[in-house]
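Student: One structure, as structure tokens, below. Some questions next.
The values are calculated or read from the model by the stated rules, or taken from the named source; none is laboratory data. None of these values were measured; they are calculated from a predicted model. As a convention, Cβ positions derive from the backbone with ideal geometry for all residues, glycine included, and neighbour counts pool all protein chains shown. We work out accessible area using only protein heavy atoms, side chains counted, and drop any ligands, DNA or RNA first. Shrake-Rupley method; radii C 1.70, N 1.55, O 1.52, S 1.80 Å.
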2 protein chains.
Amino acid sequence: MAQHNIDVQNSFEGVCSLFHNLQPGEKELIRRNFTCSYYRKGEIIYKEGDKPSGLVCLTKGKVKIFKEGVGGRDQIMRMAKPVGFIGYRALFADENYIASAQALEDSVICVIDRTVLLEILKMNAELTLHILRSVATELGFSNNRTVTLTQKHIRGRLAESLIFLRDTYGFEDDGQTIKVYLSREDLANLSNMTTSNAIRTLSAFSEEGVLELDGRRIKVLDVHKLERISDLG
Amino acid sequence: MAQHNIDVQNSFEGVCSLFHNLQPGEKELIRRNFTCSYYRKGEIIYKEGDKPSGLVCLTKGKVKIFKEGVGGRDQIMRMAKPVGFIGYRALFADENYIASAQALEDSVICVIDRTVLLEILKMNAELTLHILRSVATELGFSNNRTVTLTQKHIRGRLAESLIFLRDTYGFEDDGQTIKVYLSREDLANLSNMTTSNAIRTLSAFSEEGVLELDGRRIKVLDVHKLERISDLG
DNA sequence: CCCAATTTATGCTTAAAATCATGTTTTAGA
DNA sequence: TCTAAAACATGATTTTAAGCATAAATTGGG
């Protein structure tokens, strides 16, 4: 696979900006154990059961993190955007991955070697404490998500997913179009419903004037109404 | 409320045993900022929205951690047993509690002052890294839980909850009776279903010879069958 | 010990969402 | 550009679980 012109230096700086209280020597250590690679849309970055080789970071593109469910039905756990870490849970828990990561667009993925990172963390308590805070925050998201995915009805879950996507990726320049283009199946897997129901409910939202649909392009016409639907459950 | 004869020293040692790589000076610091109190069955230890004052530890009794759901329906997120921490997610995330904790039996709760603990963590990277691992592991449980609660059917969810309770609290001396006595409503809130359905499904398991029921006493007659039901979804 | 309140139990009805079926549109590759 | 595959759309049907009603059993407090 060709080197699709990755700006390693820029990626490196982006990744480092995610760390707090990183000492010069530690930064140099990371630089020397830092690799980048290019993933085409649809390619798998890691799979459930794989062993983490290091701390994975997305510096360009979009990635979905998903778990295979009971009847082969996937559940999307998280959506990543640049610059951000993925797969760190398994790394810090010292476990294999319990979810898979797939590029939704052409993406650049960088990896900091596992051993080197852990060495740094053992020396830098402040940095470790900061990461602990991030993971604790994410555990909160996960707990909230469990409740909404189990207790809200289909309309509420889909509305919440759309709001979540807007919060994560923002709008296009028109201020209305959500800046991510998911298949109906992905949207369903994010919202814990069948593809049929995602399609149906999107159509309903469109008829109600909440959304305007054009293929995978989703334009939010009435944010308040969407939020109300999400809150109602 | 009377001092129900709390053995503070014993509780203190129990709590300290949960920390790894704790230095003598740090231990002394904790001892001087360590309080214990007694909670009767049913009493609330903290509520959703409260601000954590420190690291809470259960040294005696049983506690449920639950979130209020959409229609006032609670979702039990976690069951705690001694000796173990509760409410640490909010503390480390520097947030208010997103769930409430209630004693299921008479319990002893100890608290390590927040400021003191964070001081220790800032100095002790190894300890912080160890806590990071625990929180990352729990995030994994939470993610798995999200999938099973959303994708498994009622029978599978209830069976899984029963297995989970056995894993957490173990069996009585007879080797069959799960060592925790929950109301049908709590069992339902743990398994994401209505109380009616928890009752109905328990009865079904009993008729199928998987369980033997006697009030809140649940005797597991056929572990394999229970596991099979859980795995089927 | 007794009574009210709560919990448990069970049947029936309704609502929600999955499944199935069919057809159309879009996309990717030869 | 054509074709096959994939994705999207919509209606009908079935399954699942919630909701509701009623009654029995259990529990806790006076």
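Student: Output yes when any residue across the stretch B:57-75 is in contact with a Leu (Cβ under 8 Å, 6 or more places away or on another chain), among the hydrophobic types (A, V, I, L, M, F, W, C) and closer than 23 Å to A:LYS122 by Cβ, and no when none is.
Tutor: Scanning the stretch B:57-75, I find no residue that is in contact with a Leu (Cβ under 8 Å, 6 or more places away or on another chain), among the hydrophobic types (A, V, I, L, M, F, W, C) and closer than 23 Å to A:LYS122 by Cβ, so the answer is no.
Student: In the stretch A:21-43, which residues are outside any helix (DSSP H, G or I) and closer than 19 Å to A:THR128 by Cβ?
Tutor: A:ASN21, A:LEU22, A:GLN23, A:ASN33
Student: Here's a follow-up. Please work out if B:LEU121 is more than 19 Å from B:ASN189 (Cβ to Cβ), more than 7 Å from every other protein chain (Cβ to nearest Cβ), open to solvent by less than 20 Å² (accessible area, probe 1.4 Å) and in contact with a helix residue (DSSP H, G or I) (Cβ under 7 Å, 6 or more places away or on another chain).
Tutor: no
Student: OK, next. Which one is nearest to B:ALA125 (Cα to Cα), of the residues in the stretch A:25-40 that are modelled with pLDDT of 95 or more and open to solvent by 70 Å² or more (accessible area, probe 1.4 Å)?
Tutor: In this case the residue turns out to be A:GLU28.
Student: Further question: A:ILE229 - would you say it is within 14 Å of chain B (Cβ to nearest Cβ), within 26 Å of B:THR194 (Cα to Cα), within 14 Å of DNA strand D (Cβ to nearest atom) and open to solvent by less than 60 Å² (accessible area, probe 1.4 Å)?
Tutor: No; evaluated as a whole, the condition is false for this residue.
Student: Continuing with this model, one more query. Identify the residue in the stretch B:140-153 that is facing another protein chain (nearest Cβ under 7 Å) and closer than 17 Å to A:LEU132 by Cα and, among all such residues, is farthest from the chain's Cα centre (by Cα). Give the steps one after another, and end with the answer.
Tutor: Initial filter on the stretch B:140-153 (facing another protein chain (nearest Cβ under 7 Å)): B:140, B:142-147, B:149-152.
So of that shortlist, the ones also closer than 17 Å to A:LEU132 by Cα come out as B:140, B:142.
Numbers: B:GLY140: 16, B:SER142: 13 Å.
The selected residue is B:GLY140.
Student: So how many residues does the stretch A:149-163 have that are more than 10 Å from DNA strand C (Cβ to nearest atom) and surrounded by fewer than 20 Cβ atoms within 10 Å (Cβ to Cβ)?
Tutor: Here the count works out to 1.
Student: Only one of (1) away from DNA strand D (no atom under 11 Å from the Cβ); (2) in a helix (DSSP H, G or I); (3) out of contact with any helix residue (DSSP H, G or I) (no Cβ under 8 Å at 6 or more places or on another chain) fails for B:LYS219. Which number is that?
Tutor: Evaluating B:LYS219 over (1) away from DNA strand D (no atom under 11 Å from the Cβ); (2) in a helix (DSSP H, G or I); (3) out of contact with any helix residue (DSSP H, G or I) (no Cβ under 8 Å at 6 or more places or on another chain) leaves (2) as the failure.
Student: Let me ask something additional. Would you check if there is a residue in the stretch B:188-198 being away from DNA strand D (no atom under 12 Å from the Cβ) and within 15 Å of B:ARG216 (Cβ to Cβ)?
Tutor: Checked the stretch B:188-198: at least one residue is away from DNA strand D (no atom under 12 Å from the Cβ) and within 15 Å of B:ARG216 (Cβ to Cβ).
Student: For residues that are surrounded by fewer than 20 Cβ atoms within 10 Å (Cβ to Cβ) and not charged (D, E, K, R), scanning just the stretch B:129-139, find the one that is nearest to the other protein chains (Cβ to nearest Cβ).
Tutor: If we take residues in the stretch B:129-139 being surrounded by fewer than 20 Cβ atoms within 10 Å (Cβ to Cβ) and not charged (D, E, K, R), then B:THR137 is nearest to the other protein chains (Cβ to nearest Cβ).
Student: For residues in the stretch A:202-216 being assigned to a helix (DSSP H, G or I) and within 10 Å of DNA strand D (Cβ to nearest atom), which is least open to solvent (accessible area, probe 1.4 Å)? Can you show your working first?
Tutor: In the first step, residues of the stretch A:202-216 are kept if they are assigned to a helix (DSSP H, G or I); the result is A:202-207.
Next cut, within 10 Å of DNA strand D (Cβ to nearest atom) only: A:202-204, A:206-207.
Numbers: A:LEU202: 1, A:SER203: 50, A:ALA204: 29, A:SER206: 45, A:GLU207: 163 Å².
Looking at residues that are assigned to a helix (DSSP H, G or I) and within 10 Å of DNA strand D (Cβ to nearest atom), I get A:LEU202.
Student: Another question, then. For the stretch B:168-180, give me each residue that is farther than 15 Å from B:ILE76 by Cα and part of a loop (DSSP other than H, G, I, E, B).
Tutor: Within the stretch B:168-180, the subset farther than 15 Å from B:ILE76 by Cα is B:169-179.
Residues satisfying the conditions are B:GLY170, B:GLU172, B:ASP173, B:ASP174, B:GLY175, B:GLN176, B:LYS179.
Student: Now a separate question. If I filter the stretch A:154-168 for residues that are under 19 Å from B:LEU139 (Cβ atoms), within 14 Å of DNA strand D (Cβ to nearest atom) and within 14 Å of chain B (Cβ to nearest Cβ), do I get at least one hit?
Tutor: No, the stretch A:154-168 has no match at all.
Student: Across the stretch A:164-180, what is the number of residues that are in contact with a helix residue (DSSP H, G or I) (Cβ under 6 Å, 6 or more places away or on another chain) and either at positive phi or open to solvent by 60 Å² or more (accessible area, probe 1.4 Å) (or both)? Lay out the reasoning, then the answer.
Tutor: Keep residues of the stretch A:164-180 that are in contact with a helix residue (DSSP H, G or I) (Cβ under 6 Å, 6 or more places away or on another chain), which gives A:178-180.
After this cut, where a residue has to be either at positive phi or open to solvent by 60 Å² or more (accessible area, probe 1.4 Å) (or both) as well, the list is A:179.
Going through the stretch A:164-180 one residue at a time, the tally reaches 1.
Student: List, please: which pairs have Cβ atoms under 7 Å, are six or more places apart or on different chains, and start with a residue in the stretch B:191-210 that is under 20 Å from B:GLY71 (Cβ atoms) and end with one that is more than 8 Å from DNA strand D (Cβ to nearest atom) and open to solvent by 30 Å² or more (accessible area, probe 1.4 Å)?
Tutor: Here the result reads B:THR195/B:ARG184; B:THR195/B:GLU185; B:ALA198/B:ARG184; B:ILE199/B:ARG184, each pair linking the stretch B:191-210 to a residue that is more than 8 Å from DNA strand D (Cβ to nearest atom) and open to solvent by 30 Å² or more (accessible area, probe 1.4 Å).
Student: Would you confirm whether any residue within the stretch A:181-201 is open to solvent by less than 50 Å² (accessible area, probe 1.4 Å), within 14 Å of another protein chain (Cβ to nearest Cβ) and assigned to a loop (DSSP other than H, G, I, E, B)?
Tutor: Yes: one or more hits.
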